[in-house]
Each structure stands twice: as structure tokens, then as C-alpha cells.
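To start, the structure itself, in C-alpha cells.
Values quoted throughout were computed directly from the atomic coordinates according to the rules given, and no laboratory measurement underlies them. What you see is a predicted model, and the numbers here were worked out from it, not measured in a lab. Backbone-built Cβ (ideal geometry, glycine too); neighbour counts: all protein chains shown.
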Ligand code: F6P
């Protein structure tokens, strides 16, 4: 078969390991691979490279993606802070289909998160054979226990928290450390528990400024006039919207800046009471080399994707679930996000440790 590989949306550590593993596993079965540059844009512009064993040599441990990526573009499946579904224009679907036929593509392996897979679903419904590989640093896809990149992002955040801890302690300061996590706070929760945070603010559990101030004052009364407060970028106070910035000319919103917003608000509510600083970890969580777990997981996803291809599981996404690789329909994976619930083991651990998690 002639297979096209597409990766789209935000990069994560491990995409190259997936690409390499797909090519290696598929090569043994006699398949041929084309890698589209910048995802769907490459398919629409017929911009691609041939991916043989030589082309993927030495890329598994390298961060980013050799195929480049764009977050939006002509094939954006979702938009806005609420993740509304975008209908891909008919002419774009027609053009993508025509290019697949012209290039002799038998199937596409699409590596992507919620938005990318929502776009992929529309192309699958138009008759193109698609196997999805879930990709998101946020680890928030339904029925997917773990996406590659998440573990490395948590490691990066924990290392940052460890470093901030010592300076917070020395200066007796309250530090807000902002992590990625748009609708789901998995990175904040895991790095917060792993790094020994005193408070973790999550999109799923709105906080109150009164509760936060009480927590900080209690810390001070306990003669610990400092704290590490990990904030997921989608965290928000009760009855308040997330902090987001509308991008000029695009329906998309950019998150980030909530930790500064919270800190400034607290300063206005309790002027001069606390010495506060904030640090936004941003894209360093997504950059650099994947750790060993993410490399292994990414390779497992690549091999599973080729197996799904062999088995003809088109319109399905491979997903690690219950320690096994399975396939589920694309619409199932993108239908609903996997959010933190009070039953989650790490959330319960944080509760047990007395971490402030909102009100
Ligand atoms: O969805 C993944 C994610 O990393 C979010 O956590 C973050 O809000 C977003 O992507 C940032 O993406 P970018 O800055 O690349 O547009």
C-alpha cells in the first residue's frame, strides 16, 4: 500500500518516534510512505517527502516533527475556547480527496489531537481510509489512557517546580507556576503532585479568591510564608471565564497568562500582604527530546497504527487503554474530552496530601 502520514496541531515529544516506527513496521510489510509537510496543508498543496528507512534514521529521540506542523489552516477541525466543531468546506474535502487519488494514496495515518482528528473524521466520512494516532500533550482524549509527550511534559514541569521551590523558600515567596492544559489539568495535577505543590488550580475544579487567600493566610500562620501554586492555563475562578486572548483574524483563542491574572487580582484584594511571583512554563513543556517512556509509547502507537492498517480498521483511532493497544471509532475519541474527576487516583492523592484544589 502507499500510505500518507500526516501530523497536525501542536507538536509534542514523540511524533518523530511514531513516524519512524510506522515506517519501520510498514516497510517490513512492503508498504511505501509519503510524509506530508505541515500536515493537511501538505496534502492540499501536494507537498510531501518520501519516507523510507533512510529518511527516518536517527529521528526517534529527536523532539518536534520532521514533517513540520501547523495548528490551524484550511483543515482546522475545531476552534474557539469551547472547541466548537468546524465544518471543513466542501471544496477543501474534495481537493484533499482528489490529491489522495492523484498520488495513489491507499490510506492516511493521521497523528493528531482533538482538532486534527475531528478534521480527519470529515475526510473519513468522505471515503478516505484513515487510521488515527492520538497526539496531545494535554493527555485529554477520551478512552486513551496515555498519549506520548505527556510524561516528558510532566518531567519538565516537575524539574521547573523543584527549581522554583528552593528560591520560593529562600525568599519566602508565593510562586504561581503555570502549565499547559486547556480544558483538562492533567499536566498541572501530575506535575503538582510530583513536584510537591501546595496548591493546584485546575480547569475542572474552579477556585475562589476567598478560598485561595484563606489557603495562603493559613500557610503564613503556620510559619510557612511561601508556597508553590501550580496553575493549569485553563484554570478559572468560580463563575468566571478562562483567561484567553483572541487571535487577530482567527476564530481561535490563545490561552496563557492566567497565573499573572490571579497574582494581580490577589494583590488588589490583599495589597502588600504576600510577596508573589509567577512563572509561565509555556512551550518548554512541549519541546526537546522525549523521555524513555514517551519513546516507547510512541513506538507502540506507530506499530499499532500499522497493525490497524493491516486489519482494515479504517475510520478508527489506535489507543492505549487498560495497558493494551485497541482501536475505537474516531468519533468516539473526539466526542468528549477526558477530564479529571474527583475519583481520579492522582486527584485523590492530592486531596489526601492536603493540597488546596479549589473550593
Ligand atoms: O492542546 C495542546 C496545547 O499544548 C495546549 O495545552 C495549549 O493551550 C496549546 O496547545 C498551545 O498551542 P500553540 O501555542 O502551539 O498554539
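Some values worked out for this structure:
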{"quantity": "Rh (Kirkwood; distinct C-alpha pairs) - region 140-197, Å", "calculated": "12.2 Å"}
{"quantity": "Ranked by how many other beta carbons lie within 10 Å on average, peptides 25-34, 85-94, 135-144 from highest", "calculated": "135-144, 25-34, 85-94"}
{"quantity": "For region 100-165: rounded, prolate or oblate by the Cα gyration tensor [a/c cutoff 1.5]", "calculated": "prolate"}
{"quantity": "Candidates 191, 95, 170: whichever shows maximal mean-square fluctuation once the chain is modelled as a Gaussian network with Cα springs under 10 Å", "calculated": "170"}
{"quantity": "Additional length obtainable on full extension of the chain from residue 343 to residue 265, 0.36 nm per residue less Cα span", "calculated": "25.0 nm"}
{"quantity": "The chain: angle of helix 186-195 to the longest principal axis, Cα-based, in degrees nearest 10", "calculated": "50 degrees"}
{"quantity": "Of 64, 272, 234, the one that fluctuates the most in a GNM where the chain has Cα springs shorter than 10 Å", "calculated": "272"}
{"quantity": "The chain: most fluctuating residue of 228, 121, 103 per GNM, C-alpha cutoff 10 Å", "calculated": "103"}
{"quantity": "Fewest-first sequence of 100, 319 by Cβ atoms within 10 Å of each Cβ", "calculated": "100, 319"}
{"quantity": "Relative contact order for region 58-156, counting Cα pairs under 8 Å that sit 6 or more residues apart, in percent", "calculated": "21 percent"}
{"quantity": "Shape box of region 131-243 [Cα atoms, principal axes, largest first, Å]", "calculated": "56, 33, 20"}
{"quantity": "Rounded, prolate or oblate (a/c below 1.5 giving rounded, otherwise prolate when a/b exceeds b/c) for region 1-65 by Cα gyration tensor", "calculated": "oblate"}
{"quantity": "Computed [θ] at 222 nm, helices only, for the chain once each DSSP H run of length n ≥ 4 contributes -39500 (n - 2.57)", "calculated": "-11500 deg cm²/dmol"}
{"quantity": "Between helix 114-125 and the chain: long-axis angle, C-alpha atoms, 0 to 90°, nearest 10", "calculated": "30 degrees"}
{"quantity": "Values of log10 I(q)/I(0), in the order q = 0.06, 0.07, 0.08, 0.10 Å⁻¹, for the chain under a Debye, Cα-only, solvent-free model", "calculated": "-0.24, -0.32, -0.41, -0.62"}
{"quantity": "For region 218-316: Kirkwood Rh in Å [reciprocal of mean 1/r, alpha carbons]", "calculated": "18.1 Å"}
{"quantity": "Ranked 6, 53, 340, 19, criterion: other C-beta atoms within 10 Å, fewest first", "calculated": "53, 340, 19, 6"}
{"quantity": "Whole-number percent relative contact order across region 181-252, with pairs defined as alpha carbons under 8 Å at least 6 apart", "calculated": "37 percent"}
{"quantity": "Nearest-ten-degree value, helix 150-171 long axis tilted from longest Cα axis of the chain", "calculated": "20 degrees"}
{"quantity": "Inter-site label distance for residue 359 and residue 283 at 7 Å from Cα along Cβ, in nm", "calculated": "3.8 nm"}
{"quantity": "Contact order relative to length of the chain, as percent, for alpha carbon pairs under 8 angstrom and 6 or more apart", "calculated": "23 percent"}
{"quantity": "Rounded if a/c under 1.5, otherwise prolate or oblate - region 47-116, Cα gyration tensor axes", "calculated": "oblate"}
